[in-house]
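Only one structure is covered here, and it is reproduced in the block below.
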């Protein structure tokens with residue numbers, strides 16, 4: 001009120017214009033689909049400084065002055081929170097190549113009803129990497145409830161280190177549903193958190209102000225050289241980025257890929273009944289989080305609005321700039337007991353196991369494989385009855401084909417069964433394709449296939 005304060009902000013007017021252009025284009029799409037009550041929020045951060053370069057806080061200032069991008073309450077994060085589970089897993093030595101049961105209908109006392117994948121998809125056994133690409137709810141649910149997996153507390157701690165935290169009334173508790181996105185957050189927090197993956201694990205505090213200078217020249221606030229904090233090792237951050245690049249190139253985030261060829265990484269997210277849609281993505285230069293949803297919450301359809309807004313904005317923001325790769329990093333050390341326990345489901349380990357069991361009796365094979373073994377009887381003219389003809393591995397399960405002797409009808413006019421050591425002809429379903437994770441109790445959810 002005395003006059004003379006000079007405030008320098010971090011907002012880049014050019015990038016702010018691009019953000020508004022991207023939002024306007026998405027709002028046009030919403031109007032065409034009859035979703036005019038849906039709002040968008042977006043925050044873009046320079047991950048190397050923490051500076052907020054552009055922000056969209058809602059649809060129209062004249063209608064509402066509430067800033068959705070910085071809302072203290074926020075909205076449910078959905079599957080975008082799974083990136084923090086991934087980071088916690090890698091940090092404690094769990095390899096993204098480790099295989100987990102991602103079949104649907106996971107039952108556990110931590111949930112009031114079975115956890116399912118989007119549209120009830122039964123993925124079978126997938127690596128943590130691939131289950132992140134398709135955002136399999138059941139795989140992440142099993143990962144955070146296994147005694148050797150990621151504990152809910154370690155997930156909660158990981159999110160807090162990356163700047164995403166809050167009160168228990170907003171879903172921030174050490175319980176398994178946290179991995180499926182029950183916690184509420186905003187685009188400012190998520191852009192800042194994902195930015196730490198882009199910088200090799202260094203997180204710079206987010207800020208909209210660089211300096212405030214008083215009338216007499218005194219500097220009241222100076223954020224021009226705020227050091228970052230190494231919240232993740234370069235190895236962990238690099239591996240998270242490698243997996244999240246697959247989300248963009250092969251998974252649920254395919255619609256966000258940049259036409260320029262600039263590498264990017266990210267994670268989609270959807271809450272229960274698609275009430276909240278997210279895309280949190282980053283390049284080495286910029287980190288940007290986008291949310292869309294009806295301010296008066298309602299069920300929505302599986303719209304691509306967030307991915308579209310992110311792609312439009314980032315394409316404009318990086319136009320003409322040199323393409324840059326993410327920082328190189330060594331591979332983390334993977335020595336978790338969880339890896340060893342789950343190795344029985346790995347195809348590479350299965351090949352070794354099958355080789356080791358060559359010539360073993362049925363009893364020895366049953367002792368070695370236990371409940372993970374299915375026995376199928378088959379005719380064989382070359383293998384004695386009761387002996388194993390062959391062992392196969394698929395979708396995390398071993399199948400032992402046991403001889404019941406020669407086919408008594410072999411060579412007769414009525415036809416006969418297999419006499420070559422193969423099982424009788426039959427068929428079954430192959431792996432289900434990649435639709436994404438679906439809504440879960442309490443808002444943990446997922447998104448549809450790209």
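Read the figures in this text as sums done on the coordinates, not as results from a lab. Note that this is a predicted model, so its numbers are computed, not measured. Note: ideal-geometry Cβ built from the backbone for every residue, glycine included; neighbour counts use all protein chains shown.
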Approximate spin-label separation residue 349-residue 315, in nm, with each point projected 7 Å along Cα-to-Cβ: 4.3
Principal-axis tilt of helix 82-91 within the chain, Cα atoms, nearest 10 degrees: 70
In degrees, nearest ten, helix 234-250 long axis to first principal axis of the chain (Cα): 80
Potential extension, residue 377-residue 14 segment - 0.36 nm per residue separation minus Cα distance: 123.7 nm
Most to least packed among 46-53, 111-118 [average Cβ atoms within 10 Å]: 46-53, 111-118
Shape category assigned to segment 312-372 from the gyration tensor of Cα positions, a/c cut at 1.5: prolate
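Pop out the Kirkwood hydrodynamic radius of segment 238-328 from its pairwise C-alpha distances, inverse of mean 1/r, in Å to one decimal. Please report the intermediate quantities before stating the final value.
Numbers: mean 1/r = 0.0738 Å⁻¹.
Evaluated over segment 238-328, this radius sits at 13.6 Å.
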Peptides ranked, highest mean first, by Cβ atoms within 10 Å: ranges 343-349, 288-294, 250-256, 184-190: 288-294, 184-190, 250-256, 343-349
For the chain, built as a Gaussian network whose Cα springs stay under 10 Å, the top-fluctuating residue of 130, 161, 298: 298
Values of log10 I(q)/I(0), in the order q = 0.15, 0.25, 0.29 Å⁻¹, for segment 6-45 under a Debye, Cα-only, solvent-free model: -0.45, -0.84, -0.98
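Can you give the extra length, in nm with one decimal, that the chain gains between residue 24 and residue 399 once fully stretched, where that is 0.36 nm per residue apart less the Cα-Cα distance?
Result for the pair: 129.4 nm of gain on full extension.
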Pairwise centroid distance, computed over Cα atoms, of segment 151-190 with segment 283-356, Å: 18
Nearest 10 degrees, 0 to 90: helix 152-161 Cα axis against the chain principal axis: 30
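Translational diffusion coefficient, Stokes-Einstein: compute it for segment 116-228 using the Kirkwood radius over C-alpha pairs as Rh, at 37 °C and 0.692 mPa s, and state it as an integer in µm² s⁻¹.
Once the numbers are plugged in, D ends up at 196 µm²/s.
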Surface/4 of the Cα convex hull for segment 25-71, nm²: 4.0
Pair residue 361, residue 31: separation of 7 Å Cα→Cβ label points (nm): 7.9
Cβ-Cβ FRET estimate between residue 226 and residue 5, R0 fixed at 22 Å, reported to 0.05: 0.60
Residue with peak Gaussian network fluctuation, the chain [Cα springs, cutoff 10 Å], from 158, 300, 314: 300
Euclidean distance between Cα centres, segment 75-105 to segment 363-380, Å: 32
Mean Cβ count within 10 Å, highest first, over the residues of peptides 262-273, 23-34: 262-273, 23-34
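Using a/c under 1.5 as the rounded threshold, could you call segment 172-307 rounded, prolate or oblate? The axes a ≥ b ≥ c are square roots of the C-alpha gyration tensor eigenvalues, and prolate needs a/b larger than b/c, oblate otherwise.
Prolate is the answer for segment 172-307, as a/c is 1.5 or above and a/b outweighs b/c.
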Gained length - residue 218 relative to residue 301, 0.36 nm times residue gap less alpha-carbon distance: 24.6 nm
Spacing of the two label points (7 Å from each Cα toward its C-beta) at residue 113 and residue 60, in nm: 3.8
Order of 220, 258 - criterion: other Cβ atoms within 10 Å of each residue's Cβ, fewest first: 220, 258
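For segment 28-115, just say rounded, prolate or oblate: build the C-alpha gyration tensor, square-root its eigenvalues into a ≥ b ≥ c, call rounded for a/c under 1.5, and beyond that prolate if a/b exceeds b/c, oblate if not.
Taking the square roots of the gyration eigenvalues as a ≥ b ≥ c, segment 28-115 is oblate.
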Residues 383, 248, 134 arranged by fewest to most Cβ contacts within 10 Å: 383, 248, 134
Residues 133, 61, sorted so that the one with the fewest Cβ neighbours within 10 Å comes first: 61, 133
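Using square roots of five times the C-alpha gyration tensor eigenvalues, list the equivalent-ellipsoid semi-axes of the chain in whole Å, biggest first.
The answer is 50, 23, 19 Å, longest axis first.
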